[in-house]
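Novice: Let me give you the structure first, and then I'll get to my questions.
The values are calculated or read from the model by the stated rules, or taken from the named source; none is laboratory data. It should be emphasised that the depicted structure is a prediction, and the values quoted were computed from it without experimental measurement. Heads up, the Cβs are rebuilt from the backbone with ideal geometry, glycines too, and the neighbour counts pull from every protein chain shown. The accessibility values were calculated without ligands, DNA or RNA, using every heavy atom of the protein model including side chains. Shrake-Rupley method; radii C 1.70, N 1.55, O 1.52, S 1.80 Å.
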Amino acid sequence: MLGFLKEPVVVTAKINVSLVALTVMGLMSRLWGLCYPRAVVFDEVYYGQFVSLYMKRIFFVDDSGPPFGHMLLALGGYLGGFDGNFLWNRIGAEYSMNVPVWSLRLLPALAGALCVPLAYQILVELHFSHCAALGAALLILLENSLITQSRFMLLESILIFFILLAVLSYLKFYNLQKHSAFSGSWWFWLLLTGVACSCAVGVKYMGLFTYMLLLATAGLHFWHMIGDQNLSNVSLVCHFLARGLALIIIPMGLYLSFFYVHLALLYRSGPHDQIMTSAFQASLEGGLARITQGQPLEVAYGSQITLRNVLGKPMQCWLHSHTNTYPIRYENGRGSSHQQQVTCYPFKDVNNWWIVKDPGMQQLVVSNPPRPVRHGHIVQLVHGITTRYLNTHDVAAPLSPHSQEVSCYIDYNISMPAQNLWRVEIVNRESDTDVWKTILSEVRFVHVNTSAVLKASGVIGASLPEWGYRQLEVVGEKLSKGYHQSMLWNVEEHRYGKSQEQREREVELHSPTQMDISKNLSFMAKFTELQWKILTLKNEDTEHKYSSSALDWITMDTNIAYWLHPTSGAQIHLLGNVATWASANAAALVYLCLSLWYLLRRRRRIYDIPEDAWQLWMAAGGICGGGWAVNYLPFFLMEKTLFLYHYLPAVTFQILLIPVVLQHLSDHLCRSVLLKSMFSALVVAWLSWVYFVYCTFSPLTYGQPALAPAELRALRWKDTWNILIRKQ
């Protein structure tokens, strides 16, 4: 029974020494001197703020993309024991001792290092030679721009890692298709493809480009499978469902999980709350939640409320009135009603309080039991402090003459009767009998007499002149003119009014609200709102000193100064390896020309290369050339400030195309032994040139050693490069 113990247990394993060596060299090139400089480098000033907010569990919104990349950076801070206490306000600021610089920069550096062996394996899975794969890895290893970007607390190296992992996983899955379909390894690589794609998109939306490329490639491959008569209908359905599960369903679920973790971590109120709805703000600890916690849920006749405009940009504001009236005549000569002003005020104020009144009764308190207001009910809104009724009539608004003026009615005993009835329409209702709810209901107020809708036009336009205290205009907008979020309002603060006398009511309006009903948003409601804000919230794009156009990237006519030593000439620049970038452009041009030539010749039924070589050529072009195109061309359509680092995913694919073209030229155009030998010698010389350029620019890649002004001038190979030289 124990006979197996008579012989030693032997475990054998195949180790690709080249792959191990490349991984080690990648780690050395990215991790060496990682703590230098111990100062804020370029966009670390941007991402560092989010890391600090994660450490303090404070909610934020970043319009640059999803939260997964930020969470990975924050993980580095967490592992290093960072407490979040650092003021990220200036590039070049020295890090305090509580900032774990090495830990914060570790994950981007590891991701950048692992891109080297990934490049090797991608070329192997594309069925190119070991030498071609080794060349691809060495080019990634010696690419100055990729080294620079991966050595700091930035996201591009993490994005490129997941992109390359997704490509490698799909290629491994595809190569297992013919002989090991539905095996364990087949499922592993298929699922890893979907996971890597989701992670890439979760880091930056640029990951969508490669995700779409792989989905298109998978769709094309499945289309070819449909024509395979050896596969049964059941088998095809299983293949389709497996791909749908791994490449669509699981990535979507994983993407949702990024936001779930993000929202679970950031549960405290913060500086970005104001762009979210009242319901979202109330779900966070502190801030609005301290004010609204325990408010009555159902709005009733007699309720005292504040009404916040749902649009909330460029600033949040509340329906407001004060004792001042509209001027009898405006600056342009138009007349007004001279009624009490109604505005949208971007600050909390006692004049933001309104009382919901039943038009058929005089009382301004909540009855017992309360009578809730439902969708379609007619109400009057009474300003809490001045007790005047919200009103609109056929008088032009001050800034929007095509809309109606909104005022609080003053009876001047002239032929202008009060028109103060409003119909409550709950836009996000589930049924026509829904009750108007605090925070949760988005309400539209439709004027009964004119069918105009209460709208905060000043939210998307100009503010009122001095006579309106620069507050935002509120108008009555005709329904026929369309629908906009500026027409929606939600109750933010709410109490049940108890005081019928005006003096007692004013004291009540100044007191804080406290009741017993809590309001919680579901995860999907919070995710939907946050996702919409990320997609639609746009910071004003301003011209940056180092911004560039997409055309500048191909020829590398631009660079970015990341850091400058305060006293010496030491500096770090995002600058690519000139030899590699020029070769990548040449390889892309050669690939395009050869492909067109082969296509024309094949159209004439002239086959210059074997069919398997043609399929290999097209497959490599689809992945490497296609990867470059989908990650580069969309930037010509984007209206945003662009930087050189946006090109790094595209140039990574373009670099992978270089050994593809070189091996093709060697195998199919160098037909004699002499030509092959000469070509190999040229490749060795070219690689030496790549290494020479890498070494030449490494002081600008690593920031050390510090160079003298003359040495820095010698590195300005292009007049458009901004190499920083201190005046002596």
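Novice: Right, residue 645: outside any helix (DSSP H, G or I), more than 15 Å from residue 132 (Cβ to Cβ), open to solvent by 10 Å² or more (accessible area, probe 1.4 Å) and of a type in the set (Phe, Trp, Tyr) or not?
Specialist: Spelling it out, it is not the case that residue 645 is outside any helix (DSSP H, G or I), more than 15 Å from residue 132 (Cβ to Cβ), open to solvent by 10 Å² or more (accessible area, probe 1.4 Å) and of a type in the set (Phe, Trp, Tyr).
Novice: Further, regarding this structure: Which pairs do you get when a residue that is polar (S, T, N, Q), found in region 617-631, comes within reach of a residue that is part of a helix (DSSP H, G or I), reach meaning Cβ atoms under 6 angstrom, with the pair 6+ apart or on two chains?
Specialist: Taking only residues 6 or more apart or on different chains, the pairs are 631/209; 631/649; 631/650.
Novice: Separate question: Out of curiosity, is residue 72 touching a helix residue (DSSP H, G or I) at 6+ places or on another chain (Cβ under 7 Å), in contact (Cβ under 8 Å) with a residue 60 or more places away in the chain, in a helix (DSSP H, G or I) and open to solvent by less than 30 Å² (accessible area, probe 1.4 Å)?
Specialist: So residue 72 fails the test.
Here's the yes/no breakdown for (1) surrounded by fewer than 19 Cβ atoms within 10 Å (Cβ to Cβ); (2) at pLDDT 85 or above; (3) more than 33 Å from the chain's Cα centre (by Cα):
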residue	(1), (2), (3)
427	yes, yes, no
431	yes, yes, yes
444	no, yes, no
460	yes, no, no
473	no, yes, no
478	yes, no, yes
490	no, yes, no
497	no, no, yes
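Novice: Of the residues 266, 213, 236, 220, which is among the hydrophobic types (A, V, I, L, M, F, W, C) and not assigned by the TED database to the domain that holds residue 619?
Specialist: Among 266, 213, 236, 220, only 266 is among the hydrophobic types (A, V, I, L, M, F, W, C) and not assigned by the TED database to the domain that holds residue 619.
Novice: State whether one or more residues within region 695-706 are open to solvent by 60 Å² or more (accessible area, probe 1.4 Å) and without any contact (Cβ under 8 Å) to a residue 24 or more places away in the chain.
Specialist: Within region 695-706, not a single residue is open to solvent by 60 Å² or more (accessible area, probe 1.4 Å) and without any contact (Cβ under 8 Å) to a residue 24 or more places away in the chain.
Novice: Considering only region 8-63, state which residues are under 24 Å from residue 148 (Cβ atoms), open to solvent by 30 Å² or more (accessible area, probe 1.4 Å) and touching a strand residue (DSSP E or B) at 6+ places or on another chain (Cβ under 9 Å).
Specialist: Correct list: 38, 43.
Novice: Still on this structure: Could you tell me whether residue 67 is out of contact with any Ser or Thr (no Cβ under 6 Å at 6 or more places or on another chain), farther than 30 Å from residue 694 by Cβ and in the same structural domain as residue 698 (by the TED database)?
Specialist: yes
Novice: I want to confirm something. Restricting to region 672-715 and keeping residues that are within 36 Å of the chain's Cα centre (by Cα) and not in a helix (DSSP H, G or I), which single residue is modelled with the lowest pLDDT?
Specialist: The selected residue is 704.
Novice: Restricting the search to region 526-551, which residues are under 19 Å from residue 60 (Cβ atoms), surrounded by 11 or more Cβ atoms within 10 Å (Cβ to Cβ) and modelled with pLDDT of 85 or more?
Specialist: Within region 526-551, 526, 527, 528, 529, 530, 531, 533, 534, 535 qualify.
Novice: While we're on this one: Looking at (1) within 22 Å of residue 72 (Cβ to Cβ); (2) surrounded by fewer than 18 Cβ atoms within 10 Å (Cβ to Cβ), can you tell me which one residue 232 breaks?
Specialist: So residue 232 meets the others, but not (1).
Novice: Here's something else I'd like to know. Can you list the strands (runs of 3 or more DSSP E) lying wholly within region 307-366 that have 1 or more residues being free of Cβ contacts under 8 Å to residues at least 60 places away in the same chain?
Specialist: 353-357
Novice: Can you spot a residue in region 96-103 that is open to solvent by less than 10 Å² (accessible area, probe 1.4 Å), part of a loop (DSSP other than H, G, I, E, B) and farther than 27 Å from residue 201 by Cβ?
Specialist: Yes, some residue in region 96-103 is open to solvent by less than 10 Å² (accessible area, probe 1.4 Å), part of a loop (DSSP other than H, G, I, E, B) and farther than 27 Å from residue 201 by Cβ.
Novice: Limited to region 371-417, what total is found for residues that are out of contact with any Cys (no Cβ under 7 Å at 6 or more places or on another chain), assigned to a loop (DSSP other than H, G, I, E, B) and surrounded by 15 or more Cβ atoms within 10 Å (Cβ to Cβ)?
Specialist: 14
Novice: Can residue 268 be described as at pLDDT below 95 and open to solvent by 30 Å² or more (accessible area, probe 1.4 Å)?
Specialist: When the stated conditions are applied, residue 268 passes them.
Novice: Okay, moving on. Kindly evaluate residue 652 against the criterion of being surrounded by 15 or more Cβ atoms within 10 Å (Cβ to Cβ), within 17 Å of residue 581 (Cβ to Cβ), assigned by the TED database to the domain that holds residue 65 and free of Cβ contacts under 8 Å to residues at least 24 places away in the same chain.
Specialist: No: the conditions fail for residue 652.
Novice: Answer yes if at least one residue in region 145-166 is among the acidic types (Asp, Glu) and either within 30 Å of residue 582 (Cα to Cα) or touching a Lys or Arg at 6+ places or on another chain (Cβ under 7 Å) (or both), and no otherwise.
Specialist: There is at least one residue in region 145-166 that is among the acidic types (Asp, Glu) and either within 30 Å of residue 582 (Cα to Cα) or touching a Lys or Arg at 6+ places or on another chain (Cβ under 7 Å) (or both).
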